[in-house]
Protein chains: 2
Amino acid sequence: MGEFELIRRYFQHALRPDGVALGNGDDCALLAPAPGMRLAVSTDMLVEGRHFLSTVDSEALGHKALAVNLSDLAAMGAKPLAFTLALSLPRADEAWLAGFSKGLLALADAHGCALVGGDTTAGPLNICITVFGQVPQHQALRRDAARVGDDVYVSGTLGDARLALEVFRGKAHLDAADFATVRQRMERPTPRVALGLALRGVAHAAADVSDGLLGDLGHILAASGTGAELRAGDIISSVAVSPILTSAAAHFLPDFALNGGDDYELVFTAPPSARAQVSQAAHTAQTPVTRIGTITASPGLKCVGPDGAPVTLTTRSFDHFA
Amino acid sequence: MGEFELIRRYFQHALRPDGVALGNGDDCALLAPAPGMRLAVSTDMLVEGRHFLSTVDSEALGHKALAVNLSDLAAMGAKPLAFTLALSLPRADEAWLAGFSKGLLALADAHGCALVGGDTTAGPLNICITVFGQVPQHQALRRDAARVGDDVYVSGTLGDARLALEVFRGKAHLDAADFATVRQRMERPTPRVALGLALRGVAHAAADVSDGLLGDLGHILAASGTGAELRAGDIISSVAVSPILTSAAAHFLPDFALNGGDDYELVFTAPPSARAQVSQAAHTAQTPVTRIGTITASPGLKCVGPDGAPVTLTTRSFDHFA
């Protein structure tokens, strides 16, 4: 199987949403955003042993490779339009490719996001996706748009993917059913695209939680020139942490929830006057959100416990070169 | 040096052309093509040992990684706007990074093409660039637009990069000055962006010569449902081959010129009525072009020698998995 046959067999994608004027097969794809729209663009590269284990099922990997990119669109309030895939493979393994393309294109179809080009080469396993989404000119959920007094929210639950990773590493233990649940969270994350769209015109700032809540909220604070005060209780002993993490890994809980990473939830801010709209957005997107703190004028990230006393926070964002 | 410091130190890019509404530092960049324009998108991934030798100077590599992507924009007649860079590095080697970013951003500046985002990770050396350009809605130089009777042209000279590669491999020999010349062609190719722009509204179909002239012209013929007749003499013993290749590597010449690859010239078609306009475009772009054949209704690629007798062609496009 040669390079062109590989593309034809596994990565031909019939989906052509409005806005894709020309798909793959030429030197470039041609995209045509609708008038008044901005094209949101993001790139993520996944390397074996760094971002996924060599044992991972290739269908799950295909899903995750696109999901982490769609998560960036979600965090801008952008609607998925198209993506390119560059793939470096040690060899053209047909079973692997069949699974990978199935997981990848199923998620692409679910989001109306067309594969419009890319590159394939021989080499160490490396997956690089660049994704494109559309967002109305003045409704992008930027990191620099948090305002003093805004509520801080996080979607879904935090720390599950990290718990699964630590089970793989032998540092935490779960029964089979719980492990299967958190392993799904690690290997097949759900990008919060529907929530991002529902928050257009409601939220001020947003980011996706890929490196850990404290680190990613920290990016919002730095870009917006603000600080925040978080209520630890609202994160750690509330709906923002799954029952499995609460019951099975109490020792790790604060660190996994606050610094776990690989969550692909959204952290966002919105004015107190928009609380009903945030609830409505969460309902529309069928995605729970938890209010966890407030944006402050004084810089830095503070945390108070259930009793109102300060809690010490340690930010441990993942850094590939630190 | 951590991941964010690495980005700040080497890949902060002040250039913000019109059409880039938000650069790097958020979940996505935001692009805003001008009204009536299409956004042309292409991705190329470069892997050590496959696309470049481990001995290559990192500044040249930074140049080449962007140049091969700009070449795809050139082949669509698109004007460079922005790009993303995903980089997997074995370690954060400062001397390497300083050279790489210098070569990369110098070429980006020369083309007004802004670095607007990307990803960095630890792993085997891998460079993945996705580039964006603008082209008026109906002026893209598509592969499927060749028409029977069109002239076939190629820009610049062919086979030099391949000759340099074979010198590295010990299969060809050149004196130092000639080697330096062809090595530049291999390591620092010139994307024919100016020619692509000048050919808008003049050429019908175009592709860039990355896998070899016969292979890339073959893509145009397949997409357009046509054949072509090439005049071997006009390619092999004419301006489309450099004097170095003609004099130093006569034995390899036909194969290197027709199947060499890594040329990053443009192969394109235009009607005979546009010959003066093609000459004007070549003059405007300061890029020589050679007329090498004709598009035919009968499928397939035929070649005739200087005496009019058929010449047997063997297409050997590079295929990573063949």
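Bear in mind that the values in this text are calculations on the coordinates, not laboratory data. Small disclaimer: the values here were computed from a predicted structure and weren't measured. Backbone-built Cβ (ideal geometry, glycine too); neighbour counts: all protein chains shown.
Values as computed for the structure displayed
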| item | result |
| --- | --- |
| Karplus-derived 3J(HN,Hα), 6.51/-1.76/1.60, for each residue of region A:203-216, Hz, glycine and proline x | 7, 8, 10, 8, 8, 8, 8, 10, 9, x, 4, 5, x, 6 |
| Whole-number D in µm² s⁻¹ for region A:204-296, Kirkwood Cα-pair radius fed into Stokes-Einstein, 10 °C, 1.306 mPa s | 114 µm²/s |
| Selected from A:Ala297, A:Ala82, A:Ala232 as most flexible by GNM, with chain A as the system and alpha-carbon contacts under 10 Å | A:Ala297 |
| Bins of 5 Å, starting at 0 and running to the largest distance - Cα pair percent for region A:96-148 | 4, 11, 18, 20, 14, 11, 9, 8, 3, 1, 0 |
| Copies compared at A:His173 - label distances in nm, ascending, label defined 7 Å from Cα in the Cβ direction | 7.0 |
| Under 16 Å from the Cα of A:Lys64 - lysines, other chains or at least 8 residues apart | A:Lys102 |
| C-alpha center-to-center spacing [region B:276-298, region A:161-240] in angstrom | 56 Å |
| Copies compared at B:Ala34 - label distances in nm, ascending, label defined 7 Å from Cα in the Cβ direction | 2.5 |
| Cut-off under 5 Å, modelled amide H: who pairs with B:Asp27 long-range | A:Arg143 |
| 10 Å Cβ neighbours from other chains, averaged over peptide A:31-39 | 5 |
| Distances in nm from A:Gly2 to the matching label points in the other copies, shortest first (labels 7 Å along Cα to Cβ) | 4.8 |
| Pairwise Cα inverse-distance average, inverted: Kirkwood Rh of region A:143-304 (Å) | 15.7 Å |
| Distant-in-sequence amide H partners of B:Lys302 (H built 1.01 Å from N, under 5 Å) | B:Ala228, B:Glu229, B:Leu230 |
| Max mean-square fluctuation residue, GNM over chain A, Cα-Cα springs under 10 Å, options A:Leu53, A:Leu253, A:Leu115 | A:Leu53 |
| Fluctuation leader among B:Phe168, B:Phe100, B:Phe83 - chain B, Gaussian network, Cα springs under 10 angstrom | B:Phe168 |
| Spatially proximal aspartates and glutamates relative to B:Lys79 (Cα-Cα < 14 Å; intrachain offsets below 8 disregarded) | A:Asp27, B:Asp18, B:Asp109 |
| All-pairs alpha carbon distance profile, region A:149-234, 5 Å steps from 0, percent | 3, 11, 20, 20, 18, 13, 9, 5, 1 |
| Difference of contour (0.36 nm per residue) and Cα-Cα distance, A:Arg8 to A:Lys302 | 100.6 nm |
| DSSP bridge orientation in chain B - percent antiparallel, rounded to nearest 5 | 75 percent |
| Whole-Hz couplings from phi, Karplus 6.51/-1.76/1.60, listed for region B:112-120; x for Gly and Pro | x, 10, 8, 6, 10, x, x, 7, 10 |
| Rg/Rh for the protein assembly as shown, where both radii come from Cα atoms and Rh is the Kirkwood radius | 1.02 |
| Cysteines without a disulfide-compatible neighbour (Cβ-Cβ under 4.7 Å), the protein assembly as shown | A:Cys28, A:Cys113, A:Cys303, B:Cys28, B:Cys113, B:Cys303 |
| Local electrostatic count at B:Asp57 - Lys and Arg +1, Asp and Glu -1, tallied over other residues with Cβ under 15 Å | +1 |
| Normalised alpha carbon radius of gyration of region A:3-136 [divisor 2.2 N^0.38 Å] | 1.01 |
| Evaluated at q = 0.22, 0.28 Å⁻¹: base-10 log I(q)/I(0), Debye formula over Cα of region A:50-116 | -0.97, -1.34 |
| A:Ala114 long-range amide H proximity, modeled H, under 5 Å | A:Ala82, A:Phe83 |
| Considering only region B:143-304, percent of DSSP beta bridges that pair antiparallel, nearest 5 | 75 percent |
| Under the Karplus curve 6.51 cos²θ - 1.76 cosθ + 1.60, θ = phi - 60°, whole-Hz ³J(HN,Hα) for region A:15-29, x wherever Gly or Pro sits | 4, 9, x, 3, x, 9, 7, 8, x, 6, x, 10, 5, 9, 7 |
| Cα centroid of region A:64-129 to Cα centroid of region B:89-145, whole Å | 19 Å |
| Normalised per residue, the volume of the convex hull around the Cα set of chain B (Å³) | 138 Å³ |
| Of all DSSP beta bridges in region A:1-153, antiparallel share, percent nearest 5 | 70 percent |
